[in-house]
Amino acid sequence: MNILKSRHFRELKVVLTLFGQWPSQSPLQQYCARFVVLSAIFSILTPKMIKFFEVIRDIDGVIECLPMIFVHLASLTKYLNWIFNADKFKKLLVLIERDGKTLEIYQDAEIMTEWLKRMKSITTAYTTAMFSILALYLVSPAVPKIMDAISPLNESRPLIYLYQTEYYVDQEVYYIHILIHAYMTVPISVAVLVYFDILLGTHVHHACAMFKVLRTYLETIHVDIYNTQLSDEVISNKIYKKIMRCIDMHRNTLEFANALESSYNIAWLILLTYCLIALTFTGMATVMKLNQTSEAIKFIAFSIGHVFHLFFTSFQGQLLIEQSEAVFYSTYLSEWYNIPVFYKKLLIPIMMRSMTPCRISAGKVYILSLDTFSSVIQKAMSFFTVLSSMC
């Protein structure tokens, strides 16, 4: 089975090529694409940082500036992680291609296809949700214009800015220019956030699919024992071949899971910190702007986006934990007690290793899981409560 030729990977290849992150594209294409993406992120981040340092003594100004700053810092962190770990991501693709070649049986290919379809559905839902939230955010400046047309006042309603920036120009005079710059750069930054997560989900789903294939083999090791038409020697050979295939598949899948973890762990240590701070200050900004509907919608969209983003990645980590843990229980279903003692001993390493599930860590400090998601939300709410009492 050629996994890289599947529909999901073909679509992912197009996006990663545009970002300059597909391993097989030419160096010139990579450098040009990376230059465009980094220029877009830095061009929007710079005026925001300038404004942040100008209002650093004003708590209200700081609270308004920080949410968007952390969005672009998170985007920059993910993109730089892509660049610095390019060899690791290339290795992951090589391992995926290698695993696909081992799936020669129709049942195995069906399991992989099922997981790829599942990831395709999740990708569609995630991108739709995140870009819908982005659209809700980007449309907020149009609200005063719409209200002026529907319910005009004696004077025009005040302009709404997408974020606090300092371009060292008259922002009312150059309002449209600043807005166009935002519409050109913010979607690129958000797209990096979204597709970095989708690539993580793709890698996790591949590992889960391989664990599922392994489990089907483990659970059927004993089947040939009850075939009375076969000689003991033939049965013994069949059991041995199945167990050796399980051992090879388990070793290969663990290699992939370890490569996966090392490709993301440092980035996610930084990103979890960003998520915690961004959720806290976005919540504060939302409360501050409740009496300004247009501004409140903007920050509510941000809060929802942060929570959804954190949940998506935490769920991927939880999925990997559960599927790798299930290998241990599938070994018991093989009726190991009915097979010869020598073959029982071959299953022990699989059982022992499966007692420690595969995980995606954040700098080997936190484990990406639903427990981590809950913990970050609780801490963000605690900080939000403390800040609210101080303001």
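Data for the structure
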| read-out | value |
| --- | --- |
| The range 241-254 residues that are buried (at least 16 other Cβ atoms within 10 Å of the Cβ), paired with ones that are not in a helix (DSSP H, G or I) (beta carbon under 8 Å, 6 or more apart) | LYS242/THR220; LYS242/ILE221; ILE243/ILE221; CYS246/ILE221; LEU254/CYS358 |
| Subset of the range 89-136 (residues that are surrounded by fewer than 16 Cβ atoms within 10 Å (Cβ to Cβ), hydrophobic (A, V, I, L, M, F, W, C) and within 18 Å of LYS13 (Cα to Cα)) | VAL94 |
| So THR313, is it in contact with a Gly (Cβ under 9 Å, 6 or more places away or on another chain), in contact (Cβ under 8 Å) with a residue 12 or more places away in the chain and part of a helix (DSSP H, G or I) | yes |
| Residue list for the range 4-41, restricted to those being outside any helix (DSSP H, G or I), surrounded by fewer than 17 Cβ atoms within 10 Å (Cβ to Cβ) and not small (Gly, Ala, Ser) | PRO23, GLN25 |
| Residue identified as among the β-branched types (Val, Ile, Thr), over 20 Å from the mean Cα position of the chain (by Cα) and not in a helix (DSSP H, G or I) among ILE50, ILE44, ILE56 | ILE56 |
| Those residues of the range 169-209 which are within 25 Å of LEU136 (Cα to Cα), β-branched (Val, Ile, Thr) and outside any helix (DSSP H, G or I), in sequence order | VAL173 |
| Selection count, the range 360-391, where residues are buried (at least 17 other Cβ atoms within 10 Å of the Cβ), small (Gly, Ala, Ser) and not in a helix (DSSP H, G or I) | 3 |
| Whichever residue in the range 268-318 is aromatic (Phe, Trp, Tyr) and farther than 17 Å from CYS65 by Cα and, among such residues, is surrounded by the most Cβ atoms within 10 Å (Cβ to Cβ) | TRP268 |
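Rundown of residues vs (1) within 26 Å of the chain's Cα centre (by Cα); (2) closer than 25 Å to CYS208 by Cα; (3) assigned to a helix (DSSP H, G or I); (4) at pLDDT 85 or above, yes/no style:
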{"position": "SER263", "(1), (2), (3), (4)": "yes, yes, yes, yes"}
{"position": "ILE277", "(1), (2), (3), (4)": "yes, no, yes, no"}
{"position": "THR280", "(1), (2), (3), (4)": "yes, no, yes, no"}
{"position": "GLY283", "(1), (2), (3), (4)": "yes, no, yes, no"}
{"position": "VAL287", "(1), (2), (3), (4)": "no, no, yes, no"}
{"position": "ILE304", "(1), (2), (3), (4)": "yes, no, yes, no"}
{"position": "ALA326", "(1), (2), (3), (4)": "yes, yes, yes, yes"}
{"position": "LEU346", "(1), (2), (3), (4)": "no, yes, yes, no"}
{"position": "CYS358", "(1), (2), (3), (4)": "yes, yes, no, yes"}
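The values are calculated or read from the model by the stated rules, or taken from the named source; none is laboratory data. No experiment lies behind these values; they were computed from the predicted model shown. All Cβ positions, even for glycine, are placed from backbone atoms using ideal geometry, and neighbour counts span all protein chains on display.
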